[in-house]
Amino acid sequence: MNFEALFKQIIAFFNKLNNQQRIVIIGSIVAVVAIIAFLIVFNSTTSKPKNNYAILFENLKPQDAALIVQYLDKKNIPYVIPEDGVIEVPRDKVSKLRLDIAAEGLPKSSTVGFELFDKNSFGATDFEERIRYLRALEGELQKTIEAVDAVESAKVNIAIPKESVFVSKQVPPSASVLIKLKPNMILTPKQIQGIKYLVASAVPRLKPENVKIVDQYGNPLGENDELTQNNELLKTEMIYKKRLEKGLEEKIVSILAPIVGGKDKVVAKVNVDLDFSQVKSKSTIYDPNNVVRSEQTIEESKIGTKPKQVGGVPGAVSNIGPVQGIKNNNVVEKYNKSEATTNYEISTTVKDVKEPLAKIKRITAAVVVDGHYQKDKKGNVKFVPLSKIELANIENIVKNTIGFDPKRGDSVTVSSFEFANAGMNARKSKTGMIMEKVSMYLGPFLPLLKYLLLAIILFVFYKKVIVPFSQKMLEVKIEEEKPVKHEVEINEEELETTYDKIKELKEKVEQQLGISSEVNEEELKYEVLLERVTKIVEENTEQVAKVLENLIKEEHPES
């Protein structure tokens, strides 16, 4: 293909175009190039490489991340860094790259545990072996602590004093733990205590009270001093208060959303005053109704004769008593005794009452809802607030939702105001609403429409620009140039007038000279026409030359 000839044809074709045609062609080319460039950039920025990428390493230190990125650049391997400490590579290369990077000894600053003893070190002293064991133990404890959900990273330092032969001079080991917590996360007292026991159990003779834990801000955790306990208790109380208020707000919004027309048309804020003081009370209640505890009854009874009184003259009879068989007419003796004892017990009730830890003292709620929007005769949208009856009904719903108690002093306020976004949406024109609906329904098809629009533009450009241009370029026969309209025109009327004047003048001269020959009209016309043409050629020399040149080219195209 002769590019030189094609280039000359393009230049010749471009020179034959007028300014308007040149502007249209250049503008079309620039527009197509700009659209293609925009679509390429838009596709590159909006495409999600994560679909084809997978995580190579995560939770990397900056030093390790820099070394790994340097290795990937050296091997010309594409990678993505979506966030700090995370490197992603093509999914099909993850396994091989992990092996290759591990062979390079990366990452270097990652935590090591008992892997230190995988390699035998001959000639190591006892001191070096103890230091290696201590490093390995600290690394294993660090890995274990980082397994807790709220912990992002941890650093463990263990201090083992030198053993002494004197028991009184032995110092117990101690440990310190630095913990970096995840955003918006805290450690509960049970988790702190668990970390202490975990570290203490891994080191001989280490007691949990000798394990000190500090967060990334330098605040001690798990100490038994009053300040630390108060701080931890205050954090717990604030979290509980926020969760309770958020739960009530969500309940109010969820129950009012179907009524007012959506969650974006209602705003609720709740404040709950809580009493976290823990009170114990012990009370003894006496029952006025007596209860019989015990009852005792004693009865005695004795029947018999009265004993014979011995008396009289001393002798045998008086000493031996009355002789049996002798009748005694004395009265028989009888003895009766009855005794009853009843013991009554006073009934008592002992109550040991422990009030709830978080007691609600007062609830205040403020609810703002959007109103109605109506169109007047001119088509303007006007805001109409809710009526008093509607506000009262909403207030009753809110009271029942939050458990309103007037004895506590609870208060609920419901107001109706125009929402900025809702008012703008209500005042949208029909065109804006149509465009919004079109974007809503056609939104999922935008990627496809993008390429369809590009195809249509390219097709129109091909039909309107490329095809005519190629036809002009591929034509073998040079188009006949349009006849140039020159100003060399002969006016027939003016020629006839001139002819008549010359004829009259010639006849008049011949009569004066006495010549009576007849005038030759053909010769006279020729003379007049020749004179006229000579005058025109003198006045328009360049134009006449171009006409003659075109006539010669038409008769002899090969020359």
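For the structure I just gave you, tell me whether residue 93 is more than 22 Å from residue 459 (Cα to Cα), assigned to a helix (DSSP H, G or I), at pLDDT below 85 and open to solvent by 70 Å² or more (accessible area, probe 1.4 Å). Before you say what the answer is, go through the steps one by one.
Working: more than 22 Å from residue 459 (Cα to Cα): yes; assigned to a helix (DSSP H, G or I): yes; at pLDDT below 85: no; open to solvent by 70 Å² or more (accessible area, probe 1.4 Å): yes.
Criteria not met by residue 93.
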| query | Within the range 133-171, which residues are open to solvent by less than 70 Å² (accessible area, probe 1.4 Å) and assigned to a loop (DSSP other than H, G, I, E, B)? | reply | 148, 150, 161, 164
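Looking only at the range 253-270, filter to residues that are assigned to a helix (DSSP H, G or I) and open to solvent by less than 60 Å² (accessible area, probe 1.4 Å); which one of those is nearest to residue 237 (Cα to Cα)? Spell out the reasoning first.
Initially, the range 253-270 is screened for residues assigned to a helix (DSSP H, G or I), giving 253-260, 263-265.
Restricting the remaining residues to those that are open to solvent by less than 60 Å² (accessible area, probe 1.4 Å) gives 253, 256-257, 260, 265.
Details: 253: 25, 256: 29, 257: 30, 260: 34, 265: 31 Å.
My answer is 253.
For the range 160-187, which positions are under 39 Å from the mean Cα position of the chain (by Cα), of a type in the set (S, T, N, Q) and at pLDDT below 85? Show your work before the answer.
Filtering the range 160-187 down to residues under 39 Å from the mean Cα position of the chain (by Cα) leaves 176-187.
Those left that are additionally of a type in the set (S, T, N, Q): 176, 184.
184 - this is the single residue of the range 160-187 that is under 39 Å from the mean Cα position of the chain (by Cα), of a type in the set (S, T, N, Q) and at pLDDT below 85.
Counting just the residues of the range 39-83 that are assigned to a helix (DSSP H, G or I) and among the basic types (Lys, Arg), which one comes out modelled with the highest pLDDT? Break it down into steps so the answer makes sense when it comes.
Going residue by residue through the range 39-83, those that are assigned to a helix (DSSP H, G or I) are 39-46, 49-51, 62-74.
Then keep just the ones that are among the basic types (Lys, Arg); that gives 50, 74.
Details: 50: 48, 74: 89.
Among those that are assigned to a helix (DSSP H, G or I) and among the basic types (Lys, Arg), it is 74.
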| task | Examine the range 271-279 for a residue that is modelled with pLDDT under 90, in a helix (DSSP H, G or I) and over 24 Å from the mean Cα position of the chain (by Cα), and state whether such a residue exists. | result | no
| Just one of 207, 241, 196 is under 30 Å from residue 143 (Cβ atoms) and either open to solvent by less than 70 Å² (accessible area, probe 1.4 Å) or in contact (Cβ under 8 Å) with a residue 40 or more places away in the chain (or both); which is it? | 196
| request: Just give me the residues in the range 50-61 being open to solvent by 30 Å² or more (accessible area, probe 1.4 Å) and touching a residue at least 12 places away in the same chain (Cβ under 8 Å), in sequence order. | output: 50, 52, 53, 55, 57, 58, 59, 61
| field | Top-ranked residue of the range 1-30 - restricted to ones that are free of Cβ contacts under 8 Å to residues at least 40 places away in the same chain and among the small types (Gly, Ala, Ser), ranked as farthest from residue 465 (Cα to Cα) | value | 5
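The values are calculated or read from the model by the stated rules, or taken from the named source; none is laboratory data. For clarity, every value in this text was computed on a predicted model and none was experimentally measured. Note that we place each Cβ from the backbone using ideal geometry, even for glycine, and neighbour counts take in every protein chain shown. In case anyone asks, the SASA skips ligands and DNA or RNA and just uses the protein heavy atoms, side chains included. Shrake-Rupley method; radii C 1.70, N 1.55, O 1.52, S 1.80 Å.
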